1. Note down all Cβ pairs under 9 Å where the first residue falls in the stretch 16-27 and is acidic (Asp, Glu), the second is outside any strand (DSSP E or B), and they're at least six residues apart or on different chains.
2. For the condition touching a residue at least 12 places away in the same chain (Cβ under 8 Å), among the aliphatic types (A, V, I, L, M) and in a loop (DSSP other than H, G, I, E, B), what is the one hit in Ala37, Ala47?
3. Identify all residues within the stretch 50-72 that are part of a strand (DSSP E or B) and in contact (Cβ under 8 Å) with a residue 12 or more places away in the chain; write none if there are none.
4. In the stretch 34-68, which residue that is of a type in the set (Ser, Thr, Tyr) and touching a Phe, Trp or Tyr at 6+ places or on another chain (Cβ under 8 Å) is farthest from Gly15 (Cα to Cα)?
5. When you check Ile66 against the structure, is it exposed (fewer than 10 other Cβ atoms within 10 Å of the Cβ) and of a type in the set (Val, Ile, Thr), yes or no?
6. Restricting attention to the stretch 1-28, report how many residues are touching a strand residue (DSSP E or B) at 6+ places or on another chain (Cβ under 8 Å) and either part of a loop (DSSP other than H, G, I, E, B) or closer than 23 Å to Ile66 by Cβ (or both).
7. Taking the stretch 1-33, which residues are aliphatic (A, V, I, L, M) and surrounded by 11 or more Cβ atoms within 10 Å (Cβ to Cβ)?
Amino acid sequence: MDLDVRQVQITFDRGKTVVEAQLQKNRWCAQSENKLANGTYTVWAMAINSLGQRGKAEDSLIIKFIEKNQKN
């Protein structure tokens, strides 16, 4: 992450719901406001630096929750 980044926003629904990420040094962390069921999701992120310049990225992620009592 660019050290000049001042804000990171993520969305799972193309901008209908935007979550502000927490920044700490050169890392960011964000939590979805909605519970995500098992499945594949696309997450979009936008980073904004101190000059207001924006950079966008998207990536896929897989949620796979395995219950403790479930056997593979």
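1. Cβ pairs passing all conditions: Glu20/Ala30.
2. Criteria check complete, one pass: Ala37.
3. Gly55, Lys56, Ala57, Glu58, Asp59, Ser60, Leu61, Ile62, Ile63
4. Residue satisfying both the conditions and the ranking: Ser60.
5. yes
6. Of the residues in that region, 9 qualify.
7. Once the filter is applied, which keeps residues that are aliphatic (A, V, I, L, M) and surrounded by 11 or more Cβ atoms within 10 Å (Cβ to Cβ), the stretch 1-33 yields Met1, Val5, Val8, Ile10, Val18, Val19, Ala21, Leu23, Ala30.
Residue-wise test of (1) among the hydroxyl-bearing types (Ser, Thr, Tyr); (2) over 19 Å from Val5 (Cβ atoms); (3) out of contact with any helix residue (DSSP H, G or I) (no Cβ under 6 Å at 6 or more places or on another chain).
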site: Asn26; (1), (2), (3): no, no, yes
site: Cys29; (1), (2), (3): no, no, yes
site: Lys35; (1), (2), (3): no, yes, yes
site: Gly39; (1), (2), (3): no, yes, yes
site: Ala47; (1), (2), (3): no, no, yes
site: Gly52; (1), (2), (3): no, no, yes
site: Lys56; (1), (2), (3): no, no, yes
site: Ser60; (1), (2), (3): yes, yes, yes
site: Ile66; (1), (2), (3): no, yes, yes
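Bear in mind these aren't lab numbers, they're just calculated from the coordinates by the rules spelled out. Worth saying up front: this structure is predicted, and the values here are computed from it rather than measured. As a convention, Cβ positions derive from the backbone with ideal geometry for all residues, glycine included, and neighbour counts pool all protein chains shown.
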